[in-house]
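To keep things clear, I will list the structure first and then write my remarks on it.
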Amino acid sequence: STISKNSLKSSLLQLECHFTWTLLKQDVDLDDLEETIRDQIEFFTKFNISNYNLLSYVCHLKNSNEEALRNLKKAEEEVKKSHPDEIARRSLVTWGNYAWIYYHMERYKEAQTYVSKVANSCKKLSSTAQQKIQLPEIYAEQGWALLKFGGKYYMRAKNCFENALKNEPNNPEFNAGYAITMYRLEDFSYRLCQDFGPSLKALERAVELNPKDTFIMALLALKLQDLKQVDEGERYIDEAMQKTPDLPYFLRYAAKFYRRKGEVDKALEILKKALAVKPKSAFLHHQLGLCYRAKMFQLKKTTRYPPEEQVEELIRLSIFQFKTVTDQKTKFFSAHTDLANMYALAKRYEEAEETFQKAFQINILSQADKQQLYYNYGNFQRFHMKSESEAIRYYLEGLKIQEDSYARKCCGNALKKLLLEQRIQEGLGDATDFATLGLVHNLNGEKLEAIEWYEKAIALCPDNEEYLSALCELRLSI
């Protein structure tokens, strides 16, 4: 009956599980996420309970509820195996997911059964709780799920791990989750030009508590490398290499470490080793492409007349790797721009154009990604297609997105350079150029400079409505 259906719905909303954690499918590539989780089930068995729970939610989002139920069954088996003494406590998220999936399948009686199961367990576990119970492992599980849904969710993930750590400050797993989140947040906020609190301390603490976890060791090594403590970083890479010489999750970061250090051949060797274990990994193929590209730049930089066929061969290898990635992962954004830029270097302009257009179609781009894309496409128009007007148009698009990022700065600088140095200082500037510079300064919040340029534009075109109203608005805003 509808009444019980409505009251059921309100009970469901009280549950702590993936269905109530606002994980939106438009923010991720679901196929990609599913593959990541399945990989982790294979390589990191200790997180399998939460991985099966998350996988059940992903299956539901992909409209296969039967498959979702099968994964919840596996989560239950894992709980029995690893926590036989705390089955209720460790199953709350699993049971919550069961209730929601049965609800979506319109099997309301079964849904109700699981709602009651959670409620009864919570009563036993805590005198105060109805159905909401704040257990540290549930916060942590939410944190891991948020992490996998991408950059938009990192701040929330950080809060979850902080909540989990309040009760158990020395829990190795919670510290690992917190450190990984801090590392990613820092990386993310660097692109957004924000100075974020250092992840170094969190990573050191996590490594101390998880001496077997080479994945975190590798992140710590990369962080030390960022901070110019390269030798210290390399010590961790060596130590981890002895512990897990065949773990692809570790090897991919070890390779990144050596590529950034300039030891590209060593990086290539490590990546090929990792590919022997995981031949389909898009991440590894992307890193291989970056290595061939780095070798090509090294060759051009260190040799006065680099042999043409060597350069071409490295470009070809790099294109092959990037193309492998974009064919397999149609939403892997940076691989698309890397591929497009490589096609441009190879003077394969039609393929470059086509690849850029595919990148513009990706529907999960963040604001910073869009700015990056406009900047790269503007460069393509300017340096390869020799079209200044198109370049200006795309740099402007990037600048108009009001997200403070490294790519936005690049768009602004490119515009100033193009307009000022190349056109205005050579006496080629017209009213449009002056007005565009006015707009650039305005978007950068430099109002007085903006007014000056609009005044110059109006001196050449006294009746232009657009310039007059822009100037009027600027003067009022000061």
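The values are calculated or read from the model by the stated rules, or taken from the named source; none is laboratory data. Remember, it's a predicted structure, so these values are computed and weren't measured experimentally. When we count neighbours, we look across all protein chains shown, and the Cβ atoms used for this are built from the backbone with ideal geometry, even at glycine. Note: accessible area is taken over every heavy atom of the protein model, side chains too, but ligands, DNA and RNA are not part of it. Shrake-Rupley method; radii C 1.70, N 1.55, O 1.52, S 1.80 Å.
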Looking at region 1-41, which of its residues are open to solvent by 40 Å² or more (accessible area, probe 1.4 Å), free of Cβ contacts under 8 Å to residues at least 40 places away in the same chain and hydrophobic (A, V, I, L, M, F, W, C)? 3, 13
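Rundown of residues vs (1) in contact with a helix residue (DSSP H, G or I) (Cβ under 9 Å, 6 or more places away or on another chain); (2) in a loop (DSSP other than H, G, I, E, B); (3) closer than 20 Å to residue 333 by Cβ, yes/no style:
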position	(1), (2), (3)
5	yes, no, no
16	yes, yes, no
19	yes, no, no
31	no, no, yes
51	yes, no, no
57	yes, no, no
Considering region 330-371 alone, what residues qualify as being in a loop (DSSP other than H, G, I, E, B), open to solvent by less than 40 Å² (accessible area, probe 1.4 Å) and farther than 16 Å from residue 26 by Cα? 346
Selection from region 43-94 of residues under 25 Å from the mean Cα position of the chain (by Cα) and of a type in the set (Lys, Arg) yields 46, 62
Residue, farthest from residue 191 (Cα to Cα), within region 226-249, restricted to residues that are at pLDDT 95 or above and in contact with a Phe, Trp or Tyr (Cβ under 6 Å, 6 or more places away or on another chain): 244
Are any residues in region 68-102 more than 21 Å from residue 171 (Cβ to Cβ), open to solvent by less than 50 Å² (accessible area, probe 1.4 Å) and among the charged types (D, E, K, R), and if so, which ones? 76
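Counting only residues that are closer than 24 Å to residue 333 by Cα, give me the helices (runs of 4 or more DSSP H) lying completely in region 372-478 with at least 2 of them.
Numbers: elements: 388-400, 406-416, 431-443, 447-460, 465-477.
In region 372-478, 388-400, 406-416 are the helices (runs of 4 or more DSSP H) which contain 2 or more residues that are closer than 24 Å to residue 333 by Cα.
So that you can scan it fast, the table gives a plain yes or no per residue for (1) over 20 Å from residue 9 (Cα atoms); (2) assigned by the TED database to the domain that holds residue 57; (3) without any contact (Cβ under 8 Å) to a residue 24 or more places away in the chain; (4) not hydroxyl-bearing (Ser, Thr, Tyr):
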residue	(1), (2), (3), (4)
80	yes, yes, yes, yes
84	yes, yes, yes, yes
96	no, yes, no, yes
102	no, yes, yes, no
108	no, yes, no, no
112	no, yes, no, yes
Go through the residues of region 42-52 one by one and say whether even a single one is more than 29 Å from residue 275 (Cα to Cα) and crowded, with 18+ Cβ neighbours inside 10 Å. no
Evaluate the following for residue 236: is it touching a residue at least 24 places away in the same chain (Cβ under 8 Å), part of a helix (DSSP H, G or I) and touching a Leu at 6+ places or on another chain (Cβ under 6 Å)? yes
